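**Q** Below are the structure tokens for one structure; questions will follow.
The values are calculated or read from the model by the stated rules, or taken from the named source; none is laboratory data. Please read all numbers here as calculations on a predicted model, not as lab measurements. Using ideal geometry, Cβ is built from the backbone for each residue, glycine included, and neighbour counts are taken over all protein chains shown.
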Amino acid sequence: MSPPNLLSIPRELRDEIYHLLLLPPQMIPSTAPKNRHSSHHFAKPPPNYIDKTIFLPAQFPIYLLHVCQQIRAECTQTLIDIANSSPKQSRLRKQCEGLVEPDPSSASSMYEAKKLLETDMWPQITMDVLQHVHASFGGMHVPERTSLSPTFLSLLPIMQHVRQLQFAIWPGWAWWNGPPKKRADPVPSLRSLRFHRVSGSPDQTYETTRPALVETSQPDQLATALEKVLARLPCVDDVSIDVLMHMYNYSNFDLPDKKWERVQGWLDKPVEKGTGRRWKRVRRQMVAVNFSASWWLIPFYKKTEVWEDGDGEVQEGGKKGRIVHVVEEMTEVG
């Protein structure tokens, strides 16, 4: 009689072994790190994808996934079960404490480490929207992030079965300032280009006639990015979106007192439209982040939509069911 091996023992015992082999959570960057030995001026800039980093609450050693197709499939299913469970109440949660090491030079990484260890540790995708990056020969530019990274596509066997998902969004000032605007009259009139005297003014003051500006029909960059990601993740029905702003920008951006006033259109629209997905809950919040010695997170706007499960009337965006509870909270940041 031959001794038992991994494939001959019951599946329940194999699952116990798989859990013992789990590695701590991992934040996977979507682009490779820069080559420190290459010249700064001649180094090829890294590609800019929709996703910046992807967090998974657990991982397996690479060598285990390359043993055979059966073990790879079972390990993948284990990761899917972990992603859809509540690690906060499992032994995996204890393994994770102190093992998510943030990069001190990266504000995004520090936010992820703090936020994920305070929540249920769902899978999370970090994205930049209209953020300036350094060009190859100096200067700054806003890259077009229109495609998903090869890292995201390689994780689809796991991610496409995820039901709960978090987004951490770092938008630039251009997004916070609202949709771009253009002249209502594309052909400037001669009157709009000349100074004219203010009628009835005794001190001979003058002013210009400013042309009226209207919003363009360009799509919202954040809405487009979210739709492209969610289109690849059909099982997601509970989503949490954190739109983040550095405290320095909160104080210095030329924005209204209500920082979300110019992006109210995105807050009122569905996260995904025209798909018929059955949502359970959609949470959006805007957070001021301060990375000081005692850094903190202050959500200054929250909106939660709870959907009733079942076949209801089709609402705006093609979503089935109906919203049964909407909560909006606003907080002043001093």
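**Q** Could you list, in sequence order, the residues of the stretch 122-152 that are among the acidic types (Asp, Glu) and either assigned to a loop (DSSP other than H, G, I, E, B) or touching a Gly at 6+ places or on another chain (Cβ under 7 Å) (or both)? Working first, answer last.
**A** Our first condition is that a residue be among the acidic types (Asp, Glu); within the stretch 122-152, this holds for 128, 144.
GLU144, the sole residue that qualifies.
**Q** While we're on this one: Identify, by number, the condition in (1) surrounded by 16 or more Cβ atoms within 10 Å (Cβ to Cβ); (2) charged (D, E, K, R); (3) modelled with pLDDT of 90 or more that LYS280 doesn't meet.
**A** If we test LYS280 against (1) surrounded by 16 or more Cβ atoms within 10 Å (Cβ to Cβ); (2) charged (D, E, K, R); (3) modelled with pLDDT of 90 or more, just (3) comes out false.
**Q** Another question, if that's okay. Please report, ordered by residue number, the helices (runs of 4 or more DSSP H) entirely within the stretch 1-115 with at least 2 residues that are modelled with pLDDT of 60 or more, in contact with a strand residue (DSSP E or B) (Cβ under 8 Å, 6 or more places away or on another chain) and farther than 30 Å from ALA135 by Cβ.
**A** 69-83
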